[in-house]
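One structure below.
Every read-out reported here was derived from the displayed coordinates using simple, explicitly stated rules and does not represent laboratory data. None of the values given here were measured: they were computed from a predicted structure. Note that we place each Cβ from the backbone using ideal geometry, even for glycine, and neighbour counts take in every protein chain shown.
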Amino acid sequence: MKFRVAQSLAYLLILASCQSNNTPKPFEFENSSKDSLADQLIVLKRAAIEEQTGPIGAGKYITIKKPTGVPMVIQFDDLNGDGQWDEAAFLYSFAPNEKVTFKPELSGSPATIKAMVRAHVRQMKKNADNTFGPVALDKDTMPVNALPTDFSKVALPPYLTEGPAWENDKVGFRLYFDVRNGKDIWGKTTERMVLDEVGTDTAKNYHHQADWGMDVLKVGASLGAGSLALQAPLANGKDTLVRLGGKNIEQVTYEKVADGPVRAICRLKYSNWKIAEGVEPVTVVEEIHIWGGQYFYESHVTVTGAPKGAQLVTGIVNLHSNAVHELNAGNFKGIFTYDVQSENKDKLGMAIVMPKAQVAGTATTPNANTDIQNTYIIKANLKNNEPVVYRFYAGWEKSDSRFTSAEGFEQFLKKDM
């Protein structure tokens, strides 16, 4: 997990914001490894940029050039909805042991570069004529206790592919916007954004491989591809493991925060989740990030009002998996599986990785007589209002030759940590 760039970035931003003289240093980054690092996400906060450029007026932007002099494709994101951008995000591929300096310059408009869209998020409702969109929703609220679609009665669900979907040029994911609240994987064999099209035509079954890829995962009653649960001690001394979803949540909202071409972000808020009788309701906010060139999404989960001793839980479905393996490298820890476990009956690797300091343990759920089944889980310690951060990886063998063996998938993960 190349949090290395993100960590050095965070450190750099602290330095930049604390400088008291008028000669701030340019943003410097270094790949200290002997490996090349492709498509690393670098995010510069507006306040830190202004330490170098001076105040950035309304309607103004910045340009940053590569060492070759070519302008970067920069995405400007307004994260708080106040009408002005808060962060500038771009991708950079580092050569082994490369050190690079980025110097932002003020501009009246973003650099005019024809940019390939490498990340996308969308939520689309069904129209009266059984079409979707054409415009994705910026915000949406799930009907209370929305049930899964009964496809024996209706051909199309109320939302395209049953809920929000996010993708990049490597892989895609979706969330069931109903009481299941599960996450699923879109295996991709194309770099183009496809999830505005998938599921619009009932004659094209997305459970079968197409030229773009397919829905590769069977989720069932598991936590699927990194869905969430909470484990909390009860007054009777027992622990309860409860899925985030079901009929005990007052309201679920979706919000598109950022949408390509570099990265996409959506925010899901679960208000007043009653996890058990006699336990005060909690609120969960999950912010999902995806950017170009990577085989994962990154989730930032904040739990407010969690009972003392509660742990956030996420996991990997094990319906077709024979074993779970642990990852442990540097400051990061995780679990992964690799088996013939795709819906196409071919090989699929899945992994969850998070900072080691967050990890509270791993386990396997029962396969019957419980709400959450067939799941290898990893638990995270909670601190009130501090996000738990994890990445969910999906390595389908049809997407990348590195995923045609367990050894290849494991080596990929270790290199990425």
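Summary of values
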item: Of (1) 0.94; (2) 1.09; (3) 0.99, the label for Cα Rg over 2.2 N^0.38 Å derived from the coordinates; result: (3)
item: Approximate spin-label separation Phe76-Lys34, in nm, with each point projected 7 Å along Cα-to-Cβ; result: 4.3
item: Pair Ala276, Gln84: separation of 7 Å Cα→Cβ label points (nm); result: 4.8
item: Sequence-distant aspartates and glutamates (8 or more away, or on other chains) whose Cα lies within less than 14 Å of Lys99; result: Glu28, Glu30, Asp35
item: Given 13 as the ceiling on other Cβ atoms within 10 Å, longest exposed-site-free region of the chain for trypsin sites (Lys or Arg not before Pro) in DSSP loops; result: 35-113
item: Residue (of Pro281, Ser152, Pro134) at the positive-pole extreme of the chain, dipole from beta-carbon charges; result: Pro281
item: The chain, relative contact order in percent, only Cα pairs under 8 angstrom and at least six apart counted; result: 13
item: Inter-label distance for Val154 and Asp201, nm, one decimal - labels placed 7 Å from Cα along Cα-to-Cβ; result: 2.3
item: Members of Lys60/Lys333; Lys204/Lys379; Lys170/Lys204; Lys247/Lys347; Lys170/Lys345; Lys114/Lys383 lying beyond 31 Å, as alpha-carbon distances in this model show; result: Lys60/Lys333; Lys204/Lys379; Lys247/Lys347; Lys114/Lys383
item: Counted charge near Glu87, where neighbours are those whose Cβ lies closer than 11 Å (Asp, Glu -1; Lys, Arg +1); result: 0
